[in-house]
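**Student:** Structure below; questions to follow.
Read the figures in this text as sums done on the coordinates, not as results from a lab. These figures come from a predicted structure and were not determined experimentally. No Cβ is skipped: glycine too gets one built from the backbone with ideal geometry, and neighbour counts run over all protein chains shown.
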Amino acid sequence: MRSKSAALAAVTLFVAGTGLLATAGAASAATTATGATPGAATAGATAGAASPAPKAAYNGACGAGYSVVNSAGIADLGTVFLTYNSRTGKNCVVTVRNAKDDPIHMAASVRVLLDDEETRPVVDEGEFTSYAGPVYVAEGAGHCIEWSGVIGDEEYYNSGSNCGVLK
C-alpha cells in the first residue's frame, strides 16, 4: 500500500504536467485484493481482519457494454473496478465506496502500458460521497493496464495486469 502522499504526488505530477508516473515491472500493492478474473495477474496482501470487509458492488458508472474484468478491495472502505468493453476495446476504472457518506478524498486512475511510449494516466480525483470516475483509455485492447483507486488514506495500485492478447 502506498501512502496518500505518495498517491497524491503521482497525481500531482500528472496534473501539473511535470512528469509521468513511473512503474517497475508487474508489481502490485494493495490492502486487499479480491475478485480477480481467471488469468488476470493481480497480487495483494490482506490486512489482518477477522472477517472480510463488505465489498462495494459495481455501480455501472462506465456505461453500457462494460463488464468487470478485475476488482480489488481498498481496506474496508470500498472497491476499485477495472472494466472492459469488447465492442469498443476501451477499459474503464471506477472506485466505489461501500456506503455513501460524507465527502472523502477519492481517486480512480487508468493508463495503458505501451511497449514503445510513455502514456499519461487518466485520473479523476476529488472529494466524493460515493464514487470516483469513470476514467477511460481507448488503447487497452492487446495491452497491459495500470489501474488504481484511492479512498481516504488507502490505495490499491496494479501495474501490468489484464494484458489482453489480440488473436
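**Student:** Classify region 109-157 as rounded, prolate or oblate, taking a ≥ b ≥ c as the square roots of the eigenvalues of its Cα gyration tensor: rounded when a/c is under 1.5, otherwise prolate if a/b is larger than b/c and oblate if not.
**Tutor:** Numbers: a/c = 2.76, a/b = 2.18, b/c = 1.26.
Prolate.
**Student:** Extending each Cα 7 Å along its Cβ direction at Glu127 and Asp76, get the distance between those two points in nm, one decimal.
**Tutor:** Modelled inter-label distance: 2.5 nm.
**Student:** How large is the convex hull of the Cα atoms of region 67-153 per residue, expressed in Å³ as a whole number?
**Tutor:** Values: hull volume 7.6 nm³, N = 87.
About 87 Å³ per residue, rounded to a whole number.
**Student:** Rounded, prolate or oblate: which fits region 58-97 when a ≥ b ≥ c are the square roots of the eigenvalues of the alpha-carbon gyration tensor, with rounded for a/c under 1.5 and prolate only if a/b beats b/c?
**Tutor:** On the way: a/c = 3.41, a/b = 2.24, b/c = 1.52.
Since a/c reaches 1.5 and a/b is larger than b/c, the shape of region 58-97 is classed as prolate.
**Student:** In addition: Using 7 Å Cα-to-Cβ label points, what is the Ala138/Glu117 separation (nm, one decimal)?
**Tutor:** Result: 1.2 nm between the two label points.
**Student:** Sort 141-153, 71-83 for me by packing, meaning the mean count of neighbouring Cβ atoms within 10 Å per residue, highest on top. Could the numbers behind the result be given before it?
**Tutor:** Details: 141-153: 22.5, 71-83: 26.0.
Per-residue mean Cβ counts within 10 Å order the peptides as 71-83, 141-153.
**Student:** Please list, in order along region 62-76, the HN-Hα scalar couplings obtained from phi with the Karplus expression 6.51 cos²θ - 1.76 cosθ + 1.60 (θ = phi - 60°), rounded to whole Hz, x for Gly and Pro.
**Tutor:** So the Karplus estimates, Gly and Pro as x, are 6, x, 5, x, 8, 10, 5, 10, 6, 7, 8, x, 10, 6, 9 Hz.
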